[in-house]
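Heads up, the thing below is written out as structure tokens.
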Ligand code: SF4
Ligand code: MG
């Protein structure tokens, strides 16, 4: 609800606050149990910051986050630790997020130790099971992260996220570092696991082709704000926001004979420390008209379940 994160920029010899990177601005949305909510946007649009805010890995400047009916921000560190069992994250670069000095077995056991789950024997048993579930040989438990390929490492990262039986997984660019041929294997694994364990996903990516594969609903972010959110198929078939239209026009069509007009955006992505007034997209929008430069468009449900922030629909 109205989730906002501004990182202060300090400067001068006194280290005074001279500005702020407005990484996330006023995000309001829900995630439904069992769905995959895709969040797409260019790099630097605040997607990862959003993911970290949702899990309270960083504190927001404003706004709130609730999981089921429970407010996360007022929870004590102890209560939050308990809740983290249910809220897990999968990262883009599994190598950077796997401790190189630990065996895979130890890496997977770690979350259980942290949360005080099971005896040593039970933990080891669960590690073996989990390796099988993500498609790895149980003998791999004795090896170290560097002995695996990128795809295998991401399987380990996913296994680790699953160890505490979470309900919600935030996957931040989980296949972006992988070869295209491996990407679909990992996406299919995520889909299978979702069914098997009734998981809910927030799937963050800069790649519309990838999110299309997996998302039930899709949110589009620009400069720290959501500009559009709807059922994934609706966004693809009937995009409303000019930014979404431009993004989609750049995705190759499956049919090579089909032609579509590519919308080329003018100008560069503005800096999140100095976003344009009014609609943050107005400096690049082909449809910009008079109110856009002065008034921020409201986030509005314009058709059932289809949200957009644009003066064209007010
Ligand atoms: Fe374009 Fe105006 Fe809509 Fe912003 S509000 S996306 S500038 S038409
Ligand atoms: Mg990111």
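FYI, it's all coordinate maths here, none of it is from the lab. All values derive from a computational prediction rather than experimental measurement. Positions of Cβ are generated from backbone atoms using ideal geometry, with glycine treated the same way; all protein chains shown enter the neighbour counts.
General remarks:
- Calculation over all alpha carbon pairs of segment 1-115 in 10 angstrom steps from 0 returns a P(r) of 11, 34, 34, 19, 3, 0 percent.
- Ranked packing of 38-46, 177-185, most packed first, by mean Cβ within 10 Å: 38-46, 177-185
- Annotation: Cα Rg of the chain relative to the compact-globule expectation 2.2 N^0.38 Å equals 1.07.
- Against the chain, whose longest principal axis is taken from its Cα atoms, helix 180-197 shows a tilt of about 70°.
- Packing-based exposure ordering (other Cβ within 10 Å, fewest first) of 6, 115: 115, 6
- Taking each residue as 0.36 nm, the span from residue 96 to residue 71 lengthens on full extension beyond its C-alpha to C-alpha distance by 5.9 nm.
- Relative to the longest principal axis of the Cα atoms of the chain, helix 120-133 runs at roughly 50 degrees.
- At R0 = 51 Å, FRET efficiency that the Cβ-Cβ distance of residue 147 and residue 18 yields, to 0.05: 0.65
- Between residue 10 and residue 188, the modelled labels are 5.1 nm apart [label points 7 Å from Cα along Cα→Cβ].
- Fewest neighbouring Cβ atoms within 10 Å first, the residues 104, 264 line up as 264, 104.
- Cα-based helix-to-principal-axis angle, 150-162 vs the chain, degrees rounded to 10: 80
- Cα centroid separation - segment 46-77 against segment 209-235, whole Å: 21
- Each of the peptides 8-17, 153-162 was scored by the mean count of other Cβ atoms within 10 Å over its residues; in descending order, highest first, they stand as 153-162, 8-17.
- Over all distinct Cα-Cα pairs of segment 222-311, the Kirkwood formula returns a hydrodynamic radius of 14.1 Å.
- Within a Gaussian network of the chain (alpha carbon springs, distance under 10 Å), most fluctuating of 272, 77, 100: 77
- Protection proxy ranking, peptides 123-134, 208-219, average beta carbon neighbours within 10 Å, highest first: 208-219, 123-134
- This ranking places 307, 313 by how few other beta-carbon atoms lie within 10 Å of each, fewest first, which gives 313, 307.
- Fraction of the pair-distance distribution of segment 33-81 above 14 Å, Cα-Cα pairs, percent: 59
- Relative contact order (%) - segment 71-213, alpha-carbon pairs under 8 angstrom, separation at least six: 30
- If R0 equals 22 Å, the separation of the Cβ atoms of residue 263 and residue 304 corresponds to a calculated FRET efficiency of about 0.25.
- Under a Gaussian network description of the chain, with springs only between Cα atoms under 10 Å, the residue in 268, 238, 207 that fluctuates furthest is 268.
- Using a Förster distance of 30 Å, the FRET efficiency for residue 139-residue 81 (Cβ separation, nearest 0.05): 0.40
- When you restrict to C-alpha pairs under 8 Å that are six or more residues apart and normalise by the size of the chain, the relative contact order lands at 20 percent.
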